Amino acid sequence: MVPKRDKSSLWFDCTPGELEGQIALLKKSGFEFVSLERVVERLTGSTTYYPERAVAITFADNYQGYADLAEPILARHKIPVTLFVHTVHVGSQKGRPKMTWETLRELQKTGRVSVQSQTVSHPLDLRKLTDLQLKAEFRDSRNEIKDRLQTEAPYIAYPNGKFDPRVLESARAAGYLCGFTEEQQPAEAAEDLLGIPRYVHTKCFQAIQDVIQK
């Protein structure tokens, strides 16, 4: 999240006004906000009730802008959120500041915010790592989240959405229940729980149309 768009803005940045607008559009379109856990329950068939139009909100990269700008909006709307964090960068002030473990701990206490893994170091392309490197990225990030926050982290988001069958199997071997890509499709399109699609927020309108027209 950024306060406003300027020359330094990145393609995936979102302003408070844009977030408010997307929330309003989703509500107007009949969507109900659910936790990522509810999505997984739907995909595994372990829930008896699920909204016809459901949406789960996730944030990646652990930027401090989430705590400063997005969390107040999402808290006001009582929207559950999943944060995917790359553990070696937690608390880093290099480049854009990242949230600290203490901040993540406080967010987790709200009961609305879930902290999950985005690997240790956020490699540009997981497909280019060796088997041992993949194992360490997946295993060590999950273990540190458990140690720091006293909670399990069964979900992984693949940095930059890069994955292949070997990456999925490595995540499975590391004990993850679900893995999330950046393929622009509804979650129900997943053929494997370790390869669940997600939309980026810039594709909000497309996501709405894909669900309404299916």
Residue that is nearest to ILE79 (Cα to Cα) [pool: residues in the stretch 11-52 that are more than 20 Å from the chain's Cα centre (by Cα) and among the polar types (S, T, N, Q)]: SER29
Given (1) among the hydroxyl-bearing types (Ser, Thr, Tyr); (2) over 20 Å from GLU182 (Cβ atoms); (3) free of Cβ contacts under 8 Å to residues at least 60 places away in the same chain, index of the condition THR44 fails: (3)
Residue check for ASP210: in a helix (DSSP H, G or I), of a type outside the set (Lys, Arg), exposed (fewer than 15 other Cβ atoms within 10 Å of the Cβ) and over 16 Å from the mean Cα position of the chain (by Cα): no
Qualifying residues in the stretch 175-207 (those that are among the hydrophobic types (A, V, I, L, M, F, W, C) and closer than 18 Å to ASP125 by Cβ) - the one nearest to the chain's Cα centre (by Cα): PHE180
Failed criterion for THR151 (all others in (1) among the polar types (S, T, N, Q); (2) assigned to a helix (DSSP H, G or I); (3) surrounded by fewer than 19 Cβ atoms within 10 Å (Cβ to Cβ); (4) over 15 Å from the mean Cα position of the chain (by Cα) hold): (2)
Matching residues in the stretch 52-88 - criterion: being over 23 Å from LEU25 (Cβ atoms) and either surrounded by fewer than 18 Cβ atoms within 10 Å (Cβ to Cβ) or basic (Lys, Arg) (or both): GLN64, ASP68, VAL88
Qualifying residues in the stretch 65-107 (those that are in a loop (DSSP other than H, G, I, E, B) and β-branched (Val, Ile, Thr)) - the one nearest to ARG198 (Cα to Cα): ILE79
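Each row is one residue, and each column tells you yes or no for (1) under 26 Å from ALA187 (Cβ atoms); (2) among the aliphatic types (A, V, I, L, M); (3) touching a His at 6+ places or on another chain (Cβ under 8 Å).
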| residue | (1), (2), (3) |
| --- | --- |
| ALA56 | yes, yes, no |
| LYS98 | no, no, yes |
| GLU106 | no, no, no |
| VAL120 | yes, yes, yes |
| LEU124 | yes, yes, no |
| ALA136 | no, yes, no |
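Here, each number is a calculation from the coordinates, and none is a lab measurement. Remember, it's a predicted structure, so these values are computed and weren't measured experimentally. With ideal geometry, Cβ positions are generated from the backbone for all residues, glycine too; neighbour counts draw on all protein chains shown.
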